[in-house]
1. Of everything in segment 236-257 that's over 17 Å from residue 210 (Cβ atoms) and more than 13 Å from the chain's Cα centre (by Cα), which residue is surrounded by the most Cβ atoms within 10 Å (Cβ to Cβ)?
2. Taking segment 129-152 as the region of interest, how many residues are assigned to a loop (DSSP other than H, G, I, E, B) and free of Cβ contacts under 8 Å to residues at least 24 places away in the same chain?
3. Please verify whether residue 40 is in contact with a Lys or Arg (Cβ under 9 Å, 6 or more places away or on another chain) and either at positive phi or not polar (S, T, N, Q) (or both), treating the condition exactly as stated.
4. Pull up segment 436-453, narrow it to residues that are in contact with a Ser or Thr (Cβ under 6 Å, 6 or more places away or on another chain) and modelled with pLDDT of 90 or more, then point me to the one that is farthest from residue 579 (Cα to Cα).
5. Tell me which residues, restricted to segment 331-358, are within 21 Å of residue 273 (Cα to Cα) and modelled with pLDDT under 85.
6. Given (1) outside any helix (DSSP H, G or I); (2) closer than 20 Å to residue 487 by Cα; (3) free of Cβ contacts under 8 Å to residues at least 40 places away in the same chain, where does residue 424 come up short, assuming only one miss?
7. Only residues that are surrounded by 12 or more Cβ atoms within 10 Å (Cβ to Cβ) and in contact (Cβ under 8 Å) with a residue 40 or more places away in the chain: list them for segment 331-354, please.
8. Output the number of residues of segment 504-516 satisfying the condition of being near the ligand (Cβ under 9 Å from one of its atoms) and assigned to a loop (DSSP other than H, G, I, E, B).
Amino acid sequence: MFRSLHMKLVLILVLMIISVMAVVGTFLINSVSTFYLDSFYEQMQSVFTGDTILSMEEAAAETGADGLRTIVDAHRSRLGIDDYRNYAILDGQGRFLDGSNPNLTLMRTSNVISAMAGGVGTRSSVSDSMMDIAVPVDMDENGSVDYIVYIVDDKQEISDLSWRFFQIVMQAMMFGLLAAILLSFLLSKTITTPIERITQGARSIAEGNFDQVLGVQSSDEIGELTRSFNDMARRLKGTVGEVQGERDKLSTLFLHMTDGVAAFTTDGELIHMNPATENLLGVRVEDDLSFDEMFADLDMPNSDETAMRSFLTSEITRRGRVLSVTLAPYGALDGEGGVIAVIHDITEQRRLDDARREFVANVSHELRTPLTNIRSYTETLLDAAGNLPLETEKQFLGVISSESERMARIVTDLLTLSKLDYGRMELRMTRFQLGDMLRNVAGAMKLTAEDSGHELTVDTPDDLPQIVGDRERIEQVVVNILSNAVKYTPSGGHIRLSACAVPKNRVRITVEDDGVGIPAADVPRLFERFYRVDKARSRAAGGTGLGLAIAKEIVEQHEGKIALASEYGKGTIVTITLPTDLAANTGEEPV
Ligand code: ADP
């Protein structure tokens, strides 16, 4: 109840009024009592002067107590004798002889005792229930007190007056309290209403409505508070907007990144997971899996505690893909923290690593064989030191020469591939007649084919469109494919080189043979470097295993496609599709 500012204001004002009235009332009543007491003694002293006392002594000497009474009666009005104030004539021992009220209850006060001893008793305190004065009368002046004139006031008048004051103070207090309540309403209107408006505004901001602007109605502290509030709301809106923008950016990144990201609490409960995580791990958010369920096969240190506190990278395999999982702790682990798992698909990287390793092993192997041959034949020649028959020497030197040629071919092919890989192979683009080029190549190959007992036919239409490309490289590809057909076709085979225009401004070159063919399982790997179906046959025929790989790179650099179809034991068809207007794409000037 006393929580509201209004009630606090009422309480403060009421307490203030009560305390002020209590102080004022007490001070007033005390002052009245003191004033009354002082004026009583002043009044008494103005009556009991030296002359009055002398005349009292004379009267007492003449007629005793009666004489005294006559004198005191004469001063009755000056002494203020009435219902509340009486006088009494006492003897030297303080006994009552006569007085204004015969029923007066007489007490032996300190003043009476002083008078009995010969002094005038004029001592009374504000707190006493009455005030009095006792004047000794020594009629024969021998030092012994014969009579005492005693005036006593029962303070009834002061009590009445004090009671009246008390009533006035009470009435004033009632008015004061009423005024306090009214004033508190007024104060609450001027103080609490604006504060309530600011409170409302703050609540509304807490609900996310940052467009709050409160009207500033005064230039006092409340007005200043309202201004500061509006300023705060404006800044808050800006800051929240910035934070929101950052959050949106992050959430877009989170949604569309290819790496998986999943956040867990320290208890392993899933908080967030992006779509990439679902794809990579093959799980769904709805499954609400825990950390342990999601990464049951993750190779982690024994203690979960360690895993939660330090960065950790491990690998798992899911659905045939190799995934690298990095765990990173965030926040305070004993409170609002947890761990974030970043999942990266490294299958391709692994495949490339494996391919690179295999390639290096292949290169070493391919080079070692001719090198071993060269070394052993050279050593034999050196050991024999001219003792071998000339024919044998010639034969040995022939082997050395052909093996070095093979090494040179391998190195040249590797260099070509490396240039193609790193884009350092500049294509010299020209526009040329494809038909002419194919007929030239076939012409050059004819002898080789015939040597092997093959029949090589060329079938190119006269209206074959011109194409744009690096003539020399395309020639290299066709020669390679044709020589493969020659190499892998048993003597007496048929090889057909043809070309035709196909839709979308393309031409297709086809090389068909009815040779050994390739088992279906090997076909997909033929364009890999050093991949050979029959190694011995390839080597014997002077192959490097790099021909098709080079052909594929060159064709692809021309934005074309190369494909191989084969039936084991029946023959092989290689098709090369090339665009006719590549110059427009490459920006090269057509010739
Ligand atoms: P190579 O230098 O060994 O000929 P290639 O890359 O040109 O290397 O060819 C790869 C492999 O493909 C060959 O070793 C061979 O086994 C197979 N091959 C290529 N063309 C044919 C074909 N026309 N007939 C049968 N096998 C072929």
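The values are calculated or read from the model by the stated rules, or taken from the named source; none is laboratory data. Everything quoted here is computed from the prediction, not taken from an experiment. When we count neighbours, we look across all protein chains shown, and the Cβ atoms used for this are built from the backbone with ideal geometry, even at glycine.
1. 254
2. Step one: of segment 129-152, the residues assigned to a loop (DSSP other than H, G, I, E, B) are 129-130, 138-146.
Among the residues that remain, those that are also free of Cβ contacts under 8 Å to residues at least 24 places away in the same chain are: 142.
The number of residues fulfilling the criteria is 1.
3. Yes; evaluated as a whole, the condition is true for this residue.
4. Residues of segment 436-453 in contact with a Ser or Thr (Cβ under 6 Å, 6 or more places away or on another chain): 438, 452-453.
Right, trim to modelled with pLDDT of 90 or more and you get 438, 453.
Working: 438: 16, 453: 34 Å.
Within segment 436-453, the match that is farthest from residue 579 (Cα to Cα) is 453.
5. The answer is 331, 332, 333, 335, 336, 337.
6. (2)
7. 333, 337, 338, 339, 340, 341, 342, 343, 344, 345
8. 2
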